[in-house]
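Undergrad: I have a structure here, written as structure tokens, and I will follow up with some questions on it.
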Amino acid sequence: MKTIRTTLLALAATLMLAGCGAFSQTPQEQAETAASVVNAIQNQDIYIVIDRIQPKSFPQKETMDGYNLSIKDGVLKCYLPYIGKADFSFPNEDAIAVDADNVPVNVKTTVNPAKRNCYAFLEFNFPNRYNSEIFNVNIEVYSNGTAYIKVDSQYRDFINYTGHLEQRPVKKEKK
């Protein structure tokens, strides 16, 4: 019960902080952010930079390590750290992470979902490259650019990540 209460308090604090960030923008900036969110969802070109890691059984942590989740043209790329309890051992340290490198995914997107305050709700799953584990992912995207990600699996504790949508970085061409 304590774990559920702690998780709900962390979620509420995160959503309040995300909402406060929207108030620091001018109305024009808010409109531009909302338009970029709509564009990202419509074009299935999602690029989320992770700000905070929220494990089920451990304290939440801020991150500045450049973790991100990217979905473009039905292809997922991400490397997100995992903190939590698992029911099996991993072959190496990288195998613990929530890791996808050019993995095709079928994203179910619901815009303005009922009983949710978010702009869009995305659902998909993908296999772990190191074992038979399947990651189930839910992403709530808000019009202020905030994204809330939940990753669940049959073999380990769920983990949440909070981040924000950004423009996809432009790759520099080699000369």
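The values are calculated or read from the model by the stated rules, or taken from the named source; none is laboratory data. Owing to the predicted nature of the structure, the values given are computational and were not obtained by experimental measurement. Because the Cβ atoms are built from the backbone with ideal geometry, glycine has one as well, and the counts that use them run over all protein chains shown.
Undergrad: Residues being in contact (Cβ under 8 Å) with a residue 40 or more places away in the chain and among the basic types (Lys, Arg): count how many of those fall in the range 122-164.
TA: Count: 1.
Undergrad: Also, quick follow-up: Test Tyr161 against the stated conditions and say whether it is of a type in the set (Phe, Trp, Tyr), surrounded by 18 or more Cβ atoms within 10 Å (Cβ to Cβ), within 23 Å of Ile41 (Cβ to Cβ) and in contact with a helix residue (DSSP H, G or I) (Cβ under 7 Å, 6 or more places away or on another chain).
TA: no
Undergrad: Here's a follow-up. Enumerate the pairs (first residue in the range 82-93 and within 15 Å of Val151 (Cβ to Cβ); second residue anywhere and of a type in the set (Gly, Ala, Ser)) with beta-carbon separation below 9 Å, excluding pairs fewer than 6 apart on the same chain, so at least 6 apart or on different chains.
TA: Listed by first residue and then by second, the contacts come to Tyr82/Ala97; Ile83/Ser57; Gly84/Ser57; Lys85/Ser57; Ala86/Ser153.
Undergrad: Which condition breaks for Ala114 when tested against (1) under 26 Å from Thr33 (Cβ atoms); (2) buried (at least 18 other Cβ atoms within 10 Å of the Cβ); (3) modelled with pLDDT under 95; (4) of a type in the set (A, V, I, L, M, F, W, C)?
TA: (2)
Residues are listed down the side, and each one gets a yes or a no for (1) farther than 16 Å from Tyr47 by Cα; (2) among the β-branched types (Val, Ile, Thr):
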| residue | (1), (2) |
| --- | --- |
| Val75 | no, yes |
| Asp94 | yes, no |
| Asp101 | no, no |
| Thr109 | no, yes |
| Ala120 | no, no |
| Ile139 | no, yes |
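Undergrad: Then there's this: What are the pairs with Cβ atoms under 9 angstrom where one residue, in the range 101-121, is within 21 Å of His164 (Cα to Cα) and the other, located anywhere, is in a strand (DSSP E or B) and of a type in the set (S, T, N, Q)? Sequence gap at least six, or different chains.
TA: Once the first residue is within 21 Å of His164 (Cα to Cα) and sits in the range 101-121, its partners that are in a strand (DSSP E or B) and of a type in the set (S, T, N, Q) give Val105/Asn125; Arg116/Thr110; Cys118/Thr146; Ala120/Thr109; Ala120/Thr110; Phe121/Thr109; Phe121/Thr110; Phe121/Asn138.
Undergrad: Also, I was wondering about something else. Condition test on Glu166, is it surrounded by fewer than 18 Cβ atoms within 10 Å (Cβ to Cβ), acidic (Asp, Glu) and modelled with pLDDT under 95?
TA: yes
Undergrad: Looking only at the range 94-131, count how many residues are under 21 Å from Gly145 (Cβ atoms) and of a type in the set (Asp, Glu).
TA: The number of residues fulfilling the criteria is 1.
Undergrad: Keeping to the range 46-63, report how many residues are surrounded by fewer than 19 Cβ atoms within 10 Å (Cβ to Cβ) and under 12 Å from Gly163 (Cβ atoms).
TA: Residues that pass the stated criteria total 5.
Undergrad: Only one residue in Gln28, Gln54 is farther than 20 Å from Val170 by Cα and in a strand (DSSP E or B), so which one is that?
TA: Gln54
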